[in-house]
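> This is the structure I want to talk about, given as structure tokens.
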Amino acid sequence: MASPNSISQITEAGSAAAEPLRALRRGLTRADGFALYIAIVKTPAQRNQLITLLGEALPAVKLQTVTIGREATDILDEIHRQLGGQIAGPVMVVGFEDVLSSDTQSHPILNSLNLRRPDWPQRVPQPVVFWLPEYLLGLFARSAPDFLDWRSDTLHFPDLEPSQLQAMHSATWDRGLDTRMPVGARLERVKELESRITANEHNEDSVIRSTVADWLNELGLHLRLLGRTQEALKCFEKCLALFHKLGDRQGENAVLGNLGNAYAALGDARKAIEFHEQSLLIACEIGDRRGEGNALGNLGNAHADLGDARKVIKFYEQSLVIKREIGNRRGEGNALMNLGNAYDALGDARKAIEFHEQALTVFREVGDRRGEGNALMNLGNGYDALGDARKAIEFHKQALTVFREIGDRRGKGNALGNLGVAYRSLGDVRKAIEFYEQHRDIAREIGDRRGEGSALWNSALDHNSLGNRAEAIARAEAALKIFEAIENPSVAKVRAKLAEWRAAKP
């Protein structure tokens, strides 16, 4: 099958596979004793991947696989022989396509299914799934109709490429986030995680609780990227409580960092710093160098939001040393990008560009799409600072494309705002205002207070340049209110400009 040529096709395929898999998972969870399911798949490779996904989604259940070989004459006997009579969980029966063909008229294993039908509930007190290619379903219906009457359900899986099942795979990178997912796959993954959590959240088994905690953490990361930050906070808080009860200090460390980043996204830099300091403390206590490097980088970001550019460089440099030391390439890219942002804040655009170019190379090498988008956007800011607005626009448009593909709403809003700044540099103020308004709307929807304030302030500057003094003052006042609330370093600058505008004649 040809690879899908659009995100919508990937999304539709992922959804089509998710529903039968969820239905099968529900059936295996609820079955009390023997139950028969027929799963129709296109290829053995797809079958194996779906069984892996099923096992991942059912951490409390032990899936057992039985492969039917060419010498087999009785499936029931094969199950007992291969499992040693220890049938402790649902049985996946595979390999039929190697034994039976589309033109098979009769076979001992089909005959035995009908003859031994009454023995199955007693000898296999667990659900059984027959994984078949489509062409064998008719053969089973003709040759073993009585046995097929046991069926609880027949589930048809669409023809999929491995990449199209990405939406249902675990997407954690050391309790981080796989940023390669297109937005449709990410939304499908959110549904899948919500379904898994609901099915397992009351299980008291420590292994299951740890798995649920990982799912909550991943769900929070997806929600934050999608701009649903308040929902993400609830996930992280539940996750933190679970890891604390389990005594998983490394898990606590990771989630404290995610909580800090979520509060930073909402504009509460001081609360973010509290969480990152807790994270750093735990990382140092347990000797988690990866966690220590992440916490230092996060502390740098939070202090940067308060405007201390020189202080944050020390955090970023320490973080970069650790990430290079342990071979954390993705983390190295983030540290390089953060250093670029710090030098940009100090007005050294050329040095900033050098760091962002290094970061972009790393992100592309490791496949970090979100990092790639941020690096592109930061390069655009650097070239705008050097006076090359057209080159800046090229980078911002590339960044915007990346953010749209992966569903990063905050990134999308920032790219739109930066496009506005670049068009202002070209002298197209009205077009700039259009971009600021799009940025403002997205920022309000996702609770990005810093982004909303920046969009309002940029819009105020351009309305003033058009002679719309009253509109400029109104927007600047709204921006100032936000900046004061989140302790943004632009407060003094906005106050001074407002005073100047108010004092001047219209």
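The values are calculated or read from the model by the stated rules, or taken from the named source; none is laboratory data. Keep in mind that this is a model prediction, so the values were computed, not measured. Backbone-built Cβ (ideal geometry, glycine too); neighbour counts: all protein chains shown.
> For GLY291, state whether it is in contact with a Ser or Thr (Cβ under 9 Å, 6 or more places away or on another chain), assigned to a helix (DSSP H, G or I) and more than 21 Å from ASP268 (Cβ to Cβ). Let's see the steps before the verdict.
Working: in contact with a Ser or Thr (Cβ under 9 Å, 6 or more places away or on another chain): yes; assigned to a helix (DSSP H, G or I): yes; more than 21 Å from ASP268 (Cβ to Cβ): yes.
Here the answer is yes, as GLY291 does meet what is asked.
> Here is a further query. What are the pairs, 6+ residues apart or on separate chains, where a residue within region 427-452 that is touching a residue at least 40 places away in the same chain (Cβ under 8 Å) has its Cβ under 6 Å from a residue that is of a type in the set (S, T, N, Q)?
From residues that are touching a residue at least 40 places away in the same chain (Cβ under 8 Å), the pairs are GLY447/THR229.
Condition check ((1) at pLDDT below 95; (2) crowded, with 18+ Cβ neighbours inside 10 Å) across all residues:
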position: ALA432; (1), (2): no, yes
position: GLU437; (1), (2): no, no
position: ILE442; (1), (2): no, yes
position: ARG450; (1), (2): yes, yes
position: SER459; (1), (2): no, yes
position: ARG475; (1), (2): no, yes
position: LEU480; (1), (2): no, yes
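> Further question on the same structure: Being in contact with a strand residue (DSSP E or B) (Cβ under 9 Å, 6 or more places away or on another chain) and on the phi > 0 side of the Ramachandran plot is true for just one of GLY85, GLY89, GLY27, GLY95. Which residue is that?
Values: GLY85 fails: in contact with a strand residue (DSSP E or B) (Cβ under 9 Å, 6 or more places away or on another chain); GLY89 fails: on the phi > 0 side of the Ramachandran plot; GLY27 fails: on the phi > 0 side of the Ramachandran plot.
Being in contact with a strand residue (DSSP E or B) (Cβ under 9 Å, 6 or more places away or on another chain) and on the phi > 0 side of the Ramachandran plot holds for just one of GLY85, GLY89, GLY27, GLY95, which is GLY95.
> Also, I was wondering about something else. Just checking, does region 4-16 include any residue being surrounded by 15 or more Cβ atoms within 10 Å (Cβ to Cβ), modelled with pLDDT under 90 and in a loop (DSSP other than H, G, I, E, B)?
Yes, region 4-16 contains a residue that is surrounded by 15 or more Cβ atoms within 10 Å (Cβ to Cβ), modelled with pLDDT under 90 and in a loop (DSSP other than H, G, I, E, B).
> Please go through region 404-418 and pick out each residue that is part of a helix (DSSP H, G or I) and in contact with a Gly (Cβ under 8 Å, 6 or more places away or on another chain). Steps first, answer last, please.
Filtering region 404-418 down to residues part of a helix (DSSP H, G or I) leaves 404-406, 409-418.
Hits for region 404-418 are ILE406, ARG409, ARG410, GLY411, GLY413, ASN414, ALA415, GLY417, ASN418.
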